[in-house]
Amino acid sequence: MKPLMITAHLKNGFISRNPWAPAIDGIVGAVIQRERLGDKEFCSPAPSDLKPVEGLPFERIEHEGLWWYAASSPIIVGAVGKERRYFHRRFDDHRERHLEHDKKVETTKGPYKAYRLYDVRVICRAIRWHAIGDRAEIDRCVSKISQVGGKRGSGFGEVLRWEITDDGDPRIARGHRPLPATLMERKGAVVMPYGLVPPARVHQVECVMPEERHDER
């Protein structure tokens, strides 16, 4: 395995709710899991006992019973700026005519709950990750990915091309990513529950989170 620099050159930026996504081990992990499970099972609702994706083509690091991959958080290349994109759900008033007259419509919980949420659109030229891994296998996996980040169904995160080079920085690959709080100095850092391995939404542990990083190269 070699230190690698992996770059996704983008058409119009990408959508993310936090500065630590999208993760390159998550992107590669999704491709490999789809191949292992098949389309039908992969696209089915996730089971409650969803397991971490093992055997990815990245260096594996272990510490006190925990493990993760040597793959950095995303680094923004050629950033122009960020914008919040709000989206809402409100009770559709025309449904009232179909309800019993004495029935109260509950909009603070349940199926008619109203909400106002937002995504962050990062307007940039590319996303870059540093990793230690198998270049050929990583290249094979990412070549199947045409979009990254959130709201892909709305056209965001379109990848124009992938580029992988052998000039990755091992320190960034191993250090610029969420790491167990038991391993890192907490002073002045953001500490929060986060997934060490893909899928990041499960098997979360207390992590020290890296600062957002930019690269103009």
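The values are calculated or read from the model by the stated rules, or taken from the named source; none is laboratory data. Because the structure is predicted, anything quoted here is derived from the model rather than measured. Positions of Cβ are backbone-derived with ideal geometry, glycine not excepted, and every protein chain shown enters the neighbour counts. When the accessible area is computed, the model is the full protein with side chains, heavy atoms only, and any ligands, DNA or RNA have been set aside. Shrake-Rupley method; radii C 1.70, N 1.55, O 1.52, S 1.80 Å.
For the reader, a short list of remarks on this structure follows.
- All positions within region 174-196 that are among the charged types (D, E, K, R) and modelled with pLDDT of 90 or more: R174, R177
- Neighbours by Cβ (under 9 Å, 6+ apart or cross-chain): first from region 167-179, more than 24 Å from V191 (Cβ to Cβ) and touching a residue at least 12 places away in the same chain (Cβ under 8 Å); second outside any strand (DSSP E or B) and of a type in the set (A, V, I, L, M): P170/A70
- Selection of region 148-162 for residues being crowded, with 18+ Cβ neighbours inside 10 Å and either assigned to a loop (DSSP other than H, G, I, E, B) or among the polar types (S, T, N, Q) (or both) yields V148, G149, F156, G157.
- Filter pass, R171 being open to solvent by 80 Å² or more (accessible area, probe 1.4 Å), modelled with pLDDT of 95 or more and assigned to a strand (DSSP E or B): no
- Meets criteria (at pLDDT below 90, out of contact with any Asp or Glu (no Cβ under 7 Å at 6 or more places or on another chain) and farther than 18 Å from N18 by Cα) for E106: yes
- First in region 26-37 and among the polar types (S, T, N, Q), second anywhere and open to solvent by less than 30 Å² (accessible area, probe 1.4 Å), Cβ under 9 Å, 6 or more apart: Q33/V53; Q33/P198; Q33/P199
- Strands (runs of 3 or more DSSP E) within region 1-87 that include 3 or more residues buried (at least 22 other Cβ atoms within 10 Å of the Cβ): 2-10
- All conditions but one from (1) part of a loop (DSSP other than H, G, I, E, B); (2) touching a Pro at 6+ places or on another chain (Cβ under 7 Å) apply to I145; the one that does not is (2).
- Going through (1) open to solvent by 20 Å² or more (accessible area, probe 1.4 Å); (2) free of Cβ contacts under 8 Å to residues at least 60 places away in the same chain one by one, C207 falls short only on (1).
- Verdict on E96 being outside any strand (DSSP E or B) and modelled with pLDDT under 90: yes
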